[in-house]
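Heads up: the structure comes next, in structure tokens.
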Amino acid sequence: MQKFLININAIEEARDWYLINQNHLPATFVTTVVLAPIVEEMLFRGIFLQTMRRYLSPFLSIFIVSLVFSVVHFSLSNAIPLFVASVVYCIITIKSQSIIPSIIAHIFNNFLTFAYFLRLV
């Protein structure tokens, strides 16, 4: 399942960015591994998913939230892995009735991606 969540294209794009901005590695880590997952989970699973669930079935809510999540990342090549990751985060949120577990899962996924990216550099 982790193969779906770690996207090689995203890693290659991050590696290219890193080669240009090597002095910003700590800031990149904090932004991509900590801040982005917290903000994204609060917005997509905390607000958007909960709002959609008031009006739609869980399946349709998860589908729409995941579709929007993958689109706002502006990468056609990463759309499917982002969609799958979002579905996983949505299910975690619904089952746990909290966004905290999905934040942890999202941070863990981004950490693994970041660590893998560092191995490639």
Show the residue pairs meeting these rules: Cβ distance below 8 Å; 6+ apart or different chains; first residue within segment 86-100 and over 12 Å from P58 (Cα atoms); second residue of a type in the set (D, E). Y89/E41; I99/E41
Flag if F108 is without any contact (Cβ under 8 Å) to a residue 24 or more places away in the chain and on the phi > 0 side of the Ramachandran plot: no
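Only residues that are modelled with pLDDT under 85, touching a helix residue (DSSP H, G or I) at 6+ places or on another chain (Cβ under 6 Å) and within 30 Å of F59 (Cβ to Cβ): list them for segment 1-49, please. Break it down into steps so the answer makes sense when it comes.
At the first step, the residues of segment 1-49 found to be modelled with pLDDT under 85 are 1-28.
Adding the requirement that they be touching a helix residue (DSSP H, G or I) at 6+ places or on another chain (Cβ under 6 Å) leaves 4-7, 9-11, 14-15.
Hits for segment 1-49 are F4, L5, I6, N7, N9, A10.
Residues checked against (1) buried (at least 18 other Cβ atoms within 10 Å of the Cβ); (2) at pLDDT below 95:
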{"position": "R54", "(1), (2)": "no, no"}
{"position": "F74", "(1), (2)": "no, yes"}
{"position": "I92", "(1), (2)": "yes, no"}
{"position": "T113", "(1), (2)": "yes, yes"}
Residue selected from segment 38-52 under the condition touching a residue at least 40 places away in the same chain (Cβ under 8 Å), under 16 Å from I91 (Cα atoms) and not small (G, A, S), by the criterion surrounded by the fewest Cβ atoms within 10 Å (Cβ to Cβ): M42
Out of (1) of a type outside the set (S, T, Y); (2) buried (at least 16 other Cβ atoms within 10 Å of the Cβ); (3) at pLDDT 95 or above; (4) farther than 16 Å from I104 by Cα, what's the single condition that is false for I64? (2)
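The values are calculated or read from the model by the stated rules, or taken from the named source; none is laboratory data. Worth saying up front: this structure is predicted, and the values here are computed from it rather than measured. All Cβ positions, glycine included, derive from the backbone under ideal geometry; neighbour counts span all protein chains shown.
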